[in-house]
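In what follows, a structure is listed as structure tokens, so that the remarks can point back to it.
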Amino acid sequence: QAQLVESGGGLVQPGGPLRLSCAASGITFSTHVMSWHRQAPGKERELVAVITSGGRTNYADSVKGRFTISRDNAKNTVTLQMNSLKPEDTAVYYCKAREWREYWGQGTQVTVSS
């Protein structure tokens with residue numbers, strides 16, 4: 001019954017911002033490590049950003065300084081604020097929750113193109 005639903009993806013021009021959200025249900029959200037991952041065509045899925053239950057964060061080198069992950073335990077949501085987007089950020093972005101088990105969202109497409 002656990003479910004993660006991403007939203008906010010779409011087409012954006014290089015340099016622009018985009019905010020992705022992930023709404024969780026069916027889990028004790030506050031105890032889970034939440035993360036964002038992405039997969040571009042022909043490439044492996046990679047970790048983009050992670051935030052622990054205590055609010056500690058980490059980022060892939062490729063997005064550090066441009067992306068910010070945050071969580072709102074009252075709303076059971078995790079957000080990825082993406083700024084200064086580059087064409088190489090184009091990918092399907094996935095939300096993940098993990099405690100003892102691991103849950104994945106369905107993904108949302110982000111396309112950075114002029």
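The values are calculated or read from the model by the stated rules, or taken from the named source; none is laboratory data. Computed from a predicted model, the values in this text were never measured in an experiment. Here Cβ is always computed from backbone atoms with ideal geometry, including for glycine, and neighbour counts include all displayed protein chains. The area values use the complete protein model at the heavy-atom level, side chains included, leaving out ligands, DNA and RNA. Shrake-Rupley method; radii C 1.70, N 1.55, O 1.52, S 1.80 Å.
Numbers at a glance
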| item | result |
| --- | --- |
| Total charge dipole magnitude, the chain, about the Cα centre, Cβ charges on Lys, Arg, Asp, Glu only, Debye to nearest 20 | 140 |
| Cα Rg over Rh - the chain, Kirkwood | 0.95 |
| Pairwise centroid distance, computed over Cα atoms, of the range 1-18 with the range 80-102, Å | 8 |
| Inter-label distance for residue 25 and residue 57, nm, one decimal - labels placed 7 Å from Cα along Cα-to-Cβ | 2.7 |
| Per residue accessible area of the chain, 1.4 Å probe, in Å² | 55 |
| Extended-chain gain in nm, criterion 0.36 nm per residue less alpha-carbon gap, residue 5 and residue 100 | 32.2 nm |
| Length released on extending from residue 43 to residue 72, taking residue separation times 0.36 nm less the Cα-Cα span | 7.4 nm |
| Positive-pole candidate from 90, 5, 33, dipole of the chain, charges at beta carbon | 33 |
| Reachable lysines, given that their alpha-carbon falls under 19 Å from the alpha-carbon of residue 43 and they are not under 8 places away in the same chain | 86, 96 |
| The chain - percent relative contact order, Cα under 8 Å, separation 6 or more | 37 |
| GNM result for the chain, Cα springs below 10 Å: residue of 51, 69, 27 fluctuating most strongly | 27 |
| Where labels lie 7 Å past Cα in the beta-carbon direction, separation of residue 88 and residue 109 in nm | 2.3 |
| Accessible surface of the chain, 1.4 Å probe, proportion on carbon and sulfur as whole % | 46 |
| Choice from 63, 78, 50 showing the highest fluctuation, given a GNM over the chain with Cα pairs closer than 10 Å | 63 |
